[in-house]
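The values are calculated or read from the model by the stated rules, or taken from the named source; none is laboratory data. This is a predicted model, so every value here is computed, not measured. FYI the Cβ positions are ideal-geometry reconstructions off the backbone, even for glycines, and counts take in every protein chain you see. Keep in mind that these areas ignore ligands, DNA and RNA; they rest on the heavy atoms of the full protein, side chains included. Shrake-Rupley method; radii C 1.70, N 1.55, O 1.52, S 1.80 Å.
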Amino acid sequence: MTDPLRLGIAGLGTVGAGVVKIVRQKANLLAARTGRPVVITAVSARSRDKDRGVNLSQYAWEDDPVALAKRDDVDVFVELMGGADGPAKAATEAAIAAGKDVVTANKAMLAIHGQELAEAAEAAGRVIRFEAAVAGGIPVIKALTEGLAGNQVERVMGVMNGTCNYILTRMENAGLPYDEVFEEANQLGYLEADPTLDVGGIDAAHKLALLASVAYGTKVAFDAVEIEGIERITIEDIEQAADMGYRIKLLGVAQMTGRGLEQRMSPCLVPASSPLGQLEGGTNMVVLEGDHVGQIVLRGAGAGEGPTASAVMSDVLDIARNIRVPTFGQPATTLSAAKPAKSAAPAPYYLRMTLHDKPGALAKIATALGESGVSVDRMRQYGHEESTAPVLIVTHKTTRDALDSAIRSFAATGVLASDPVAIRIETV
């Protein structure tokens, strides 16, 4: 096939500009690798006059991304606007209805509307590709849909928000409190316009929901992801975790259990010596475990112009080669609705709380844990602070239900001076 593959790009921010640069600078390489030219015919963005560092004068301009999606001279609609609804969803639907393939970096849209969009695309004989939506430049979607297609996936696990990893490692390395590092990250431009998308775990949970769908052949179920952000992590937690040989990461985990599909995005303790424990700064890492291949570790840049544009182009080139894989790895109509399971797999937990400094306080907490079936592995009481004493407890493996029962019973003891913080310790 020698006809050019014609792209229409909606969204010319950091990633969109990066895609334009690759198409312009690597034209000969792209044609050599696909057997056909890859060209841009039209673009769309909110502002026509903004300086994006690339010359757009040779491309047709559409103010309305829906109009761009319907153009006869566009074969692939590249959606880089973002947002679960609004123009991104409307333009994607229009592209599918007009017989276009879609490449997107929009994790929120697919996490919420992925099933209906995938069914519409596949019914029309089109594909939706979204490598850039999960973990930036790391080819994790391709790894699951192609490289590990012969495996039953046992667990998907990863650090998928570079901003959170930056904050946690910066707190540890500089000995700074959360609020100070949060403000630093904001000043550096690392945070979303709505910071809770990052530090609240929502951005990473969108990605986890997509990975779980591909890994387990289930309908995307973002609403079933248990989400907890890093806002309550203190420098004391980080220091005490390090003292026990652990580091704290915002970790996404998806695994199919006897009780259903477990999906959670929450702070976890991981061994400091593990690949996840050694991950620094804004880097992402995804760990895939298959029944035949064992453990695969993928590490790389999770965001930024180059890495994300690279992921967009990997999808574009597959379409140029006529490699057509269903959106979530198997036909959308065959995806099952998974039964959600809340933290079904038992694990040890780290518990941090402050107790009133009175006789028997620690014994009452230990008794409450025991009555809920939670066994204590280690317990430490740190230096007193006036009339209170910080306490750290590490449990043996237990279910989250049993731990939550114990935490609820703490209130009746009358010895709590602060709300307990519980962090799962993940085996890596």
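Only one of the numbered conditions (1) within 11 Å of ASN161 (Cα to Cα); (2) part of a helix (DSSP H, G or I) is not met by ALA212, and that is (1).
Restricting attention to the range 233-248, does a residue exist that is of a type in the set (Asp, Glu), at pLDDT 95 or above and either assigned to a loop (DSSP other than H, G, I, E, B) or buried (at least 20 other Cβ atoms within 10 Å of the Cβ) (or both)? No - not one qualifying residue is present in the range 233-248.
Could you please let me know if ALA332 is modelled with pLDDT of 95 or more, buried (at least 20 other Cβ atoms within 10 Å of the Cβ) and aliphatic (A, V, I, L, M)? Before the answer, list the steps.
Numbers: modelled with pLDDT of 95 or more: yes; buried (at least 20 other Cβ atoms within 10 Å of the Cβ): yes; aliphatic (A, V, I, L, M): yes.
For ALA332, the condition - modelled with pLDDT of 95 or more, buried (at least 20 other Cβ atoms within 10 Å of the Cβ) and aliphatic (A, V, I, L, M) - is met.
Report whether or not VAL428 is surrounded by fewer than 20 Cβ atoms within 10 Å (Cβ to Cβ) and either in a strand (DSSP E or B) or among the β-branched types (Val, Ile, Thr) (or both).
Details: surrounded by fewer than 20 Cβ atoms within 10 Å (Cβ to Cβ): yes; either in a strand (DSSP E or B) or among the β-branched types (Val, Ile, Thr) (or both): yes.
The answer is yes for VAL428.
The set of residues from the range 130-159 being part of a helix (DSSP H, G or I) and small (Gly, Ala, Ser) comprises ALA132, ALA133, ALA143, GLY147. The number of residues in the range 363-375 being within 12 Å of LEU416 (Cβ to Cβ) and either acidic (Asp, Glu) or open to solvent by 20 Å² or more (accessible area, probe 1.4 Å) (or both) comes to 1. Listed by position, the strands (runs of 3 or more DSSP E) contained in the range 1-106 that have at least 2 residues being closer than 26 Å to PRO326 by Cβ are 5-10, 76-79, 101-104. Note on the range 251-293: residues that are open to solvent by 10 Å² or more (accessible area, probe 1.4 Å), aliphatic (A, V, I, L, M) and in a strand (DSSP E or B) total 1.
The set of residues in the range 376-393 that are under 33 Å from the mean Cα position of the chain (by Cα) and either crowded, with 19+ Cβ neighbours inside 10 Å or among the hydroxyl-bearing types (Ser, Thr, Tyr) (or both) comprises VAL391, LEU392, ILE393.
The residues in the range 294-312 that are open to solvent by 40 Å² or more (accessible area, probe 1.4 Å) and either assigned to a strand (DSSP E or B) or of a type in the set (Lys, Arg) (or both) can be counted, and the count is 5. Considering the range 357-390, and only residues there that are in a strand (DSSP E or B) and at pLDDT 90 or above, the residue that is farthest from SER405 (Cα to Cα) turns out to be ASP377. Could you go through the range 79-87 and let me know if any residue there is over 29 Å from the mean Cα position of the chain (by Cα) and surrounded by fewer than 18 Cβ atoms within 10 Å (Cβ to Cβ). Within the range 79-87, none of the residues are over 29 Å from the mean Cα position of the chain (by Cα) and surrounded by fewer than 18 Cβ atoms within 10 Å (Cβ to Cβ).
Residue under question is VAL54, and the condition is that it be within 31 Å of the chain's Cα centre (by Cα) and either modelled with pLDDT of 95 or more or open to solvent by 40 Å² or more (accessible area, probe 1.4 Å) (or both); does it hold? Step through it out loud before you land on a result.
Values: within 31 Å of the chain's Cα centre (by Cα): yes; either modelled with pLDDT of 95 or more or open to solvent by 40 Å² or more (accessible area, probe 1.4 Å) (or both): no.
Considered against the rule, which asks whether it is within 31 Å of the chain's Cα centre (by Cα) and either modelled with pLDDT of 95 or more or open to solvent by 40 Å² or more (accessible area, probe 1.4 Å) (or both), VAL54 comes out as no.
Taken together, ALA337, ALA341 contain a single residue that is surrounded by 16 or more Cβ atoms within 10 Å (Cβ to Cβ) and either touching a residue at least 12 places away in the same chain (Cβ under 8 Å) or among the hydroxyl-bearing types (Ser, Thr, Tyr) (or both), which is ALA341.
Among ALA212, ALA204, ALA193, which is the only one that is more than 20 Å from ARG247 (Cβ to Cβ) and open to solvent by less than 10 Å² (accessible area, probe 1.4 Å)?
Working: ALA204 fails: more than 20 Å from ARG247 (Cβ to Cβ); ALA193 fails: open to solvent by less than 10 Å² (accessible area, probe 1.4 Å).
Result of the check over ALA212, ALA204, ALA193: ALA212.
Here's the yes/no breakdown for (1) open to solvent by 60 Å² or more (accessible area, probe 1.4 Å); (2) touching an Asp or Glu at 6+ places or on another chain (Cβ under 9 Å):
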position: LYS142; (1), (2): no, yes
position: GLU146; (1), (2): yes, no
position: ASN151; (1), (2): no, yes
position: GLY158; (1), (2): no, no
position: CYS164; (1), (2): no, yes
position: GLY175; (1), (2): no, yes
position: GLU180; (1), (2): yes, no
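Within the bounds of the range 7-19, is there any residue that is under 14 Å from MET313 (Cβ atoms) and open to solvent by 30 Å² or more (accessible area, probe 1.4 Å)? Looking for residues that are under 14 Å from MET313 (Cβ atoms) and open to solvent by 30 Å² or more (accessible area, probe 1.4 Å), one finds at least one in the range 7-19, hence yes.
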